[in-house]
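Just so it is clear, none of the values below were taken in a lab; they were calculated from the coordinates. Keep in mind the model is a prediction, meaning the values are calculated, not measured. Glycine also receives a Cβ, built like all others from the backbone with ideal geometry; neighbour counts cover every protein chain displayed.
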Amino acid sequence: MLLGIVQLLSNLKMNLNLNFVIKIMTEEILGYIGGSLIVISLIPQLIKIITLKTSAGVSLEMFIVLLIAQGMWIGYSVLKNDFVILICNVASAFITVLILIFGYNYRETAQTEKKIILENENEV
């Protein structure tokens, strides 16, 4: 009888541990998927700037604010020992830095394009 109760409690503890592990794994998976989508969302903007060789229509100031926020998230993740937040924000910060580098590099092209558009509008 006593052995049966001990075995029942042991099984219950294993089920609780298994549920806990499943919960943690689900949280990790959701974190990686969400973080990956954030990183992926920046790539089309980077590709557009590089292929068109212009940053016209792109708010580089927004990317500066985004980079500051990503830096804060990186600091938070280090303090909380949260690897998911850390890796996703490091990756997205890297892409944001590339957007800023290429964006500022091609900013003159964007300003020239704006002047041409304004001149064409004034002629019409």
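Going from the fewest other Cβ atoms within 10 Å to the most, the residues Y106, Y76 appear in the order Y76, Y106. Phi angles of the range 73-89 translate, via the Karplus equation with coefficients 6.51, -1.76, 1.60 and θ = phi - 60°, into HN-Hα couplings of 5, 5, x, 4, 5, 5, 5, 8, 6, 9, 5, 4, 5, 4, 5, 5, 6 Hz per residue; Gly and Pro are given as x.
Quick one: V58, V97, fewest Cβ neighbours within 10 Å first, how do they rank? Before the final figure, lay out each step's value.
Numbers: V58 20, V97 13.
Ascending number of Cβ neighbours within 10 Å: V97, V58.
With the simple spin-label model, which puts each label point 7 Å out from Cα in the Cβ direction, the I40 to E123 separation comes to 4.4 nm. Counting every other Cβ atom within 10 Å of each residue's Cβ, T96, T54 order from fewest to most as T54, T96. Note on I101 and L79: the extension gain reaches 5.0 nm, defined as 0.36 nm multiplied by sequence separation minus the Cα-Cα distance.
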